[in-house]
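Here the structure is laid out as structure tokens; the discussion comes afterwards.
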Amino acid sequence: MADDRPDDSTLPHVTCPYCGQEVAVEWCMGQMPRCPACGEAFVVNDETDDAVDKAVKDAELSSLRIMQLARQRRGLIRTRSYMLVLTIASLVMAIQLVISMLRLWVNRDSWLPDARTRSMAFMALIAAWFVISLILVRWFGRKAAELKKQVFHSDLSEPTTPPDYSALSDGSQHVRALEQMTRPRPEDRKDAPPQT
């Protein structure tokens, strides 16, 4: 059966609002294609692509973008919390398995001759689970570290020029305003000549 999908050259191309890469999409109102370059999903609508690009670039602080980033960051924090909990649970499981294996080893003198092979098999099973739990500790710990990097990663790049503080004052105008408030006015002074 032949593939019914059209060739990428015949599909309309839109620009990814995140990285600027051209993406070929089958036009469907409201679909969310993924950019192959940055992996971000974005909405294709019926507005012109240039207008969407300009609006996204011009409205860096739009409320929708801020809410989207906040939801994404909350999701990353939640997933990182799950990974930390699973790391701790795997570590506790490894410690518990070591304790169980030590108990079996300490009580090996009381093993019956026919139960000795079963006990040794059980110790081997505990050792295998211990190795698996250590692998899980390492894997969940690495995932938590990767998610921590993503959570604290800033989308803003470092400024190329230093900030200009020349328009800011040092606060001395507030001191002058207070001095003027406490200074008596000439008409309120006692030695001032009466005004007529």
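The values are calculated or read from the model by the stated rules, or taken from the named source; none is laboratory data. The shown structure was predicted, so the numbers you read here are calculated from the model rather than taken from an experiment. Methodologically, a virtual Cβ is constructed for each residue, glycine included, from the backbone with ideal geometry; neighbour enumeration extends over all protein chains shown.
Could you go through the range 140-156 and let me know if any residue there is surrounded by fewer than 10 Cβ atoms within 10 Å (Cβ to Cβ), closer than 29 Å to Cys38 by Cβ and among the β-branched types (Val, Ile, Thr).
no
Only one of (1) farther than 19 Å from Leu156 by Cα; (2) modelled with pLDDT under 70; (3) assigned to a loop (DSSP other than H, G, I, E, B) is not met by Glu60, so which one is it?
Among (1) farther than 19 Å from Leu156 by Cα; (2) modelled with pLDDT under 70; (3) assigned to a loop (DSSP other than H, G, I, E, B), the lone unmet condition for Glu60 is (1).
Say whether the condition of being within 30 Å of Ile77 (Cβ to Cβ), at pLDDT 85 or above and outside any loop (DSSP other than H, G, I, E, B) is met by at least one residue in the range 115-128.
no
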